[in-house]
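Single-structure report; data block below.
Since every read-out is calculated from the coordinates, none of them should be taken as a lab result. Here the structure is a predicted model, which means the values were calculated and not measured. Don't worry about glycine lacking a Cβ; one is built from the backbone with ideal geometry, like all the others, and counts go over all protein chains shown.
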C-alpha cells in the first residue's frame with residue numbers, strides 16, 4: 001500500500017468544546033471535562049452530560065495514572081509521518097478518573113506489554129502548538 | 001402500521017465486474033450496477049421512485065434523477081453507518097415502501113477502493129470519524145485495522161481466542177471465492193499462509209484484512225404484493241434492524257470492547273422474523289476483518305459470547321459445514337463493495353442461482369452489515 005498523501009503529520013483541529021483539553025496538553029496538564037451539575041467526568045469532550053443532561057461543565061486535571069486496557073502494535077504506517085516510529089504501540093488506557101485514552105505507549109518493548117499494567121501519562125510536543133498525551137510504564 | 005415482517009422483498013440485484021484497477025468513476029460503477037438491478041427486477045429506470053445512496057460513494061439521489069429521467073422521486077434518505085449502511089438502508093427502504101411513500105426503492109453502491117484513495121486517508125473525511133480524527137488519529141491510530149485490533153486482542157485475552165481461529169475464517173472465505181467467477185482473489189490460501197502473512201496491527205495480519213476493490217452493486221426493494229408479479233422470485237424480508245454500539249463514535253471509550261452494535265439489532269430482527277439463528281440455511285456476514293465475523297456470530301446468537309473461536313473451528317462456515325457463510329467469498333476474498341455483495345449473494349442463494357456455491361435448497365438466510373466504530377445491521381430473508 002502506498003502512502004499517497006505526503007502531507008505533514010496529522011494534527012487535531014480543536015473546536016470551542018475541545019480547546020481547553022488541547023490547551024491543557026500544551027501546558028503539560030491532562031485536563032478532563034467534569035459536569036458542573038452531577039460531577040461526572042467525561043471524555044472525549046462534548047456538550048452534554050449523558051448522566052444528567054446538564055450542559056454546564058468545567059475542567060479538572062487528571063492524576064495521569066492508569067492501566068492498559070488493550071493495545072495494538074502497528075507494523076504498517078497508514079500515514080507516512082509514522083513510518084519512522086514502526087513498530088509502534090497504541091494503548092487504550094483506563095485512567096483512574098474512569099475514562100480512557102487511546103495514545104502511544106513508549107518506553108517498553110512490545111513483547112513486554114500486558115493488559116492491566118500500570119502506566120502514567122507524559123507529554124509529547126509534536127509541534128510548537130500541539131502536544132499529544134503518551135503513556136509510559138509507571139515508575140519507569 | 002402493522003409489522004414490517006414480509007412487507008417487502010428484494011426484487012432486483014445487479015453488480016459490475018469486481019476488479020483491482022479501473023478507469024471508471026464510482027458514479028459510473030453504481031449507475032451500471034443500478035441499471036442491471038432495475039432490469040433484473042423487470043422495471044425501467046423511471047419506475048424507481050425511492051433512492052438511498054451510499055454516503056461516500058460520490059453519487060447522490062440527484063444524479064440518479066438526472067441519469068434515469070426520474071420524473072417524481074418521492075423518497076430519498078441516507079444511512080451513514082459505513083459498512084452497516086447497505087443493510088441499514090434495507091430497513092429504511094422497507095419503511096418507505098410499507099408506509100406507502102415509494103413503490104420501488106433503489107439502493108446503489110459504487111466505489112474505487114483500489115484505484116482511489118486508500119482507506120487510511122479516506123476515512124479521515126467521513127463525518128462519523130470526526131471524534132477519532134481529533135483524539136486518536138494524531139497518535140497514529142488511523143486505519144480500521146489499528147482501531148479494531150484492540151477489540152480482537154481483548155477477545156483473545158478474555159476468551160482464549162486464537163489467530164488460528166481467525167485463519168480458519170480467512171481460508172474458508174478464500175475457498176468460497178474460488179467458486180465465484182466474479183472474485184478478485186483467484187488463488188487458494190492455507191492456514192499456514194495466513195500465519196505467515198505480515199502483521200499489520202497486532203493481532204491482525206494481512207490475511208485478516210479485507211480487499212480494496214473497485215466495483216458497483218445495487219438492489220431494488222419493492223412491496224411483497226408487487227413482487228409476486230415481477231420478473232424474479234422474491235426474496236422476502238422477514239426481519240430487519242440496525243443497532244448502534246455503546247460509545248458509537250469511538251471504540252476507546254466503549255465499556256465492553258467485545259460487543260458490537262449488531263447485538264442490539266439481532267433480537268429485533270429475529271423477533272420480527274419469528275425465527276432463530278439455528279433456522280438459517282446460509283449466512284452472509286460482513287467480513288471487513290476475520291475477527292469481526294467471529295464477534296458477530298456471537299452477537300447474533302449462533303453461540304455464546306466467547307465461544308466464537310470454537311464455533312468456527314472444523315469448517316463450520318464452509319459450504320458443506322453447519323453454517324455456510326459468505327458463499328461468494330466475502331470482502332476478504334471476493335471484493336469490498338461495502339457488503340452489498342453480501343446482500344446480493346443472499347438473494348441469489350434464495351433464488352437458487354448461486355452456481356457452484358449454491359447451498360442445496362436454501363430457504364432462509366441472513367445478511368449483516370458492520371461499519372465505522374461498530375455499527376451493525378441485520379436482514380433475515382426467505383425465498
With Cα coordinates, the longest principal axis of chain B makes an angle with the long axis of helix B:290-300, in degrees rounded to 10, of 70 degrees
Sort largest first and round to whole Å: the equivalent ellipsoid semi-axes of the stretch A:14-61, each the square root of five times a Cα gyration tensor eigenvalue.
19, 11, 7
Note on chain B: contact order normalised by length, alpha-carbon pairs under 8 Å, 6 or more apart, percent, works out to 26 percent
Restricting to DSSP H runs of at least four residues, report the calculated mean residue ellipticity at 222 nm for the protein assembly as shown, -39500 (n - 2.57) per run over all residues, nearest 500 deg cm²/dmol.
-7500 deg cm²/dmol
Here P(r) for the stretch A:63-140, Cα-Cα distances in 5 Å bins, as whole percents, is 3, 16, 27, 25, 18, 10, 2
If I fit a long axis through the Cα atoms of helix B:26-40 and take the longest principal axis of the Cα atoms of chain B, what angle between them do I get, 0 to 90°, rounded to 10?
60 degrees
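Please say if the stretch B:257-383 is rounded, prolate or oblate, where rounded means a/c under 1.5 for a ≥ b ≥ c the square roots of the C-alpha gyration tensor eigenvalues, and otherwise the choice is prolate for a/b larger than b/c and oblate otherwise?
Since a/c stays below 1.5, the shape of the stretch B:257-383 is classed as rounded.
If packing is taken as the average count of other Cβ atoms within 10 Å, what order do B:256-266, B:281-291, B:241-251, A:105-115 fall into, highest mean first? Before the final figure, lay out each step's value.
On the way: B:256-266: 23.6, B:281-291: 26.7, B:241-251: 21.4, A:105-115: 14.1.
Result, highest mean first: B:281-291, B:256-266, B:241-251, A:105-115.
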When Cβ neighbours within 10 Å are restricted to other protein chains, what is their mean count per residue of peptide B:143-150?
5
For the stretch B:252-270 and the stretch B:312-357, compute the distance between their C-alpha centroids and round to whole Å.
23 Å
At 10 °C and 1.306 mPa s, grab the translational diffusion coefficient of the stretch B:132-202 from Stokes-Einstein with a Kirkwood Rh over Cα pairs, rounded to a whole number in µm² per second.
112 µm²/s
Per-residue mean of C-beta atoms belonging to partner chains within 10 Å, peptide B:197-206
4
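How many partner chain Cβ atoms sit within 10 Å of a residue's Cβ in peptide A:74-85, on average, as a whole number?
Working: counts 12, 8, 10, 5, 16, 8, 1, 2, 5, 0, 0, 1.
Average per residue, whole number: 6.
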Can I get the semi-axes of the protein assembly as shown's equivalent ellipsoid? Compute them from the C-alpha gyration tensor as square roots of 5 times the eigenvalues, in angstrom, largest first.
39, 25, 22
R0 of 30 Å, Cβ-Cβ distance residue B:206-residue A:138: FRET efficiency to nearest 0.05
0.30
What is the angle, in °, between the Cα long axis of helix B:85-98 and the longest principal axis of the Cα atoms in chain B? Nearest 10 is fine, range 0 to 90.
30 degrees
Evaluated at q = 0.11, 0.13 Å⁻¹: base-10 log I(q)/I(0), Debye formula over Cα of chain B:
-0.69, -0.99
Modelled label-to-label distance, residue A:127 and residue B:305, 7 Å Cα→beta-carbon offset: nm?
4.1 nm
For the peptides B:131-138, A:33-40, what is the packing order when you average, over each peptide's residues, the other Cβ atoms within 10 Å and list the highest mean first?
B:131-138, A:33-40
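Would you mind calculating the gained length between residue B:187 and residue B:55 on full extension (0.36 nm times residue separation, minus the Cα-Cα distance), in nm to one decimal?
Working: separation 132, 0.36 × 132 = 47.52 nm, distance 3.27 nm.
The span from residue B:187 to residue B:55 would gain 44.2 nm if fully extended.
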Taking 22 Å as R0, compute the FRET efficiency from the Cβ-Cβ separation of residue B:361 and residue B:322 and round it to 0.05.
0.90
What per residue convex hull volume, in Å³, comes out for chain A when only alpha-carbon positions are used?
128 Å³
Rounded to one decimal in nm, the spacing of the 7 Å Cα→Cβ label points at residue B:71 and residue B:231 is 2.2 nm
Once both labels are modelled 7 Å past Cα along the beta-carbon direction, what's the residue B:44-residue B:276 spacing in nm?
5.0 nm
